[in-house]
Amino acid sequence: MSYNTFGHMFRVTTWGESHGPALGCTVDGCPPGIALAESDIQPWLDRRKPGQSKYTTQRREDDAVRILSGVFEGRTTGTPIQLMIENTDQRSKDYGQIAQSFRPGHADITYHQKYGIRDYRGGGRSSARETAARVAAGGVARAVLAALVPGLTVTGYMVQMGARSIDRSRFDPAVIGGNPFWCPDAETAALWAADLDALRKSLNSVGAVIEVVANGVPPGLGAPLYAKLDSALAAAMMSINAVKGVEIGEGMAAAALTGVENADEIRMGPKGPDYLSNHAGGILGGISTGQPVVCRFAVKPTSSILTPRRSITAEGAETEVVTKGRHDPCVGIRAVPVGEAMMACVLLDHLLMDRGQTGGARGRIG
């Protein structure tokens, strides 16, 4: 199976399966001389790893990352960085009953139709376990961005679970890490907890919407038409397991606005252009404006549930499927660090491409 690589200048190839001995990634194109150690990557993986609350899968993985190449005496060499994360808590027997059946809503049937063979243990390559490798790569990207663009930050949080959205008038960045949902609205987080408790008892799952914002992004990243920053972000977020929709800025809501409402008016500020709003999500014509880059993505409900669902077997016989094992009742919870990682990787990729094309030169204003 090909197509396991994303990026242009900063390229990431992930490898491994949910129930294999290990998974990881190869990061190519990292600039040399960047301070990097496993301790720079591990905190990001710790935010994504399973079993941290009753609202996520109880699979217990340390997700301890090892750097196998590309770093010498604490600094990147410019050669490929190989990262490995061992799997230590697989329970492949949980999936024996679906070896010849297809879980509705899952990639089982399409993998079988395309390849004629599939790893049914936890979904194999289609499992969200693969995203641990992306988060590790995102840790490398963050280290490079910190060196090249000091002050650039990437922050993700959940803004909707099921039909219940946050109240943005109560938005408080300080509470994002203080609840199991990465929610910036403490009152809504408490309601989500009750909602999810009831949902788990009913053997069901639910979807979510994640918002990721990058502050301190310099203007000029991205290029017209076929290298747009927003199209790269859309592709990156859509590649995350279970994602079914992506928005930049106002996104789909922009269709309900008038031109007067949607236009981000501009005034001259003491340090350059000063935008009076950010409906565009920090990107115009595929190129960053210098405003916060705002991206949202929708995650579907977890397909692996204990409620029986009608399906068929590989032989074409009708059956009912009950997926045993340990699964997230809302996979969107652990998608927050994954979205942050993909944002960091895309921004670094475009920063390096911009340096290669323009050398960082910019048109004067004022």
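The values are calculated or read from the model by the stated rules, or taken from the named source; none is laboratory data. Keep in mind the model is a prediction, meaning the values are calculated, not measured. Heads up, the Cβs are rebuilt from the backbone with ideal geometry, glycines too, and the neighbour counts pull from every protein chain shown. Just so you know, the surface numbers come from the protein's heavy atoms only, side chains and all, with ligands and any DNA or RNA stripped out. Shrake-Rupley method; radii C 1.70, N 1.55, O 1.52, S 1.80 Å.
Here are a few things to note about the model shown:
- When restricted to residues that are open to solvent by 20 Å² or more (accessible area, probe 1.4 Å) and not basic (K, R), segment 290-299 contains 5.
- Filtered by the rule that a residue be open to solvent by 50 Å² or more (accessible area, probe 1.4 Å) and in contact (Cβ under 8 Å) with a residue 60 or more places away in the chain, segment 354-366 gives G356, Q357, T358, R362, I365, G366.
- Residue satisfying all of: in segment 96-151; on the phi > 0 side of the Ramachandran plot and open to solvent by 20 Å² or more (accessible area, probe 1.4 Å); farthest from the chain's Cα centre (by Cα) among these: G116
- Residues that are touching a strand residue (DSSP E or B) at 6+ places or on another chain (Cβ under 7 Å), surrounded by 14 or more Cβ atoms within 10 Å (Cβ to Cβ), of a type outside the set (F, W, Y) and not in a helix (DSSP H, G or I) occur in segment 331-348; there is at least one.
- The set of residues in segment 220-234 that are assigned to a loop (DSSP other than H, G, I, E, B) and surrounded by 18 or more Cβ atoms within 10 Å (Cβ to Cβ) comprises G220, L221, G222, K228.
- Pairs, first touching a residue at least 40 places away in the same chain (Cβ under 8 Å) in segment 135-154, second among the charged types (D, E, K, R) and crowded, with 16+ Cβ neighbours inside 10 Å, C-beta under 7 Å, six or more apart: V135/R48; G138/E340; G139/D40; A143/D40; V154/E340
- Scanning segment 168-218 for residues that are on the phi < 0 side of the Ramachandran plot, surrounded by fewer than 18 Cβ atoms within 10 Å (Cβ to Cβ), outside any helix (DSSP H, G or I) and over 18 Å from the mean Cα position of the chain (by Cα) yields a total of 5.
- Looking across segment 260-289, the residues that are open to solvent by 40 Å² or more (accessible area, probe 1.4 Å) and either among the basic types (K, R) or part of a loop (DSSP other than H, G, I, E, B) (or both) come down to A263, E265, R267, P270, K271, L276, N278, H279, G285.
- Qualifying residue in segment 332-347 (condition: in contact (Cβ under 8 Å) with a residue 60 or more places away in the chain, among the charged types (D, E, K, R) and more than 19 Å from A208 (Cβ to Cβ)): no
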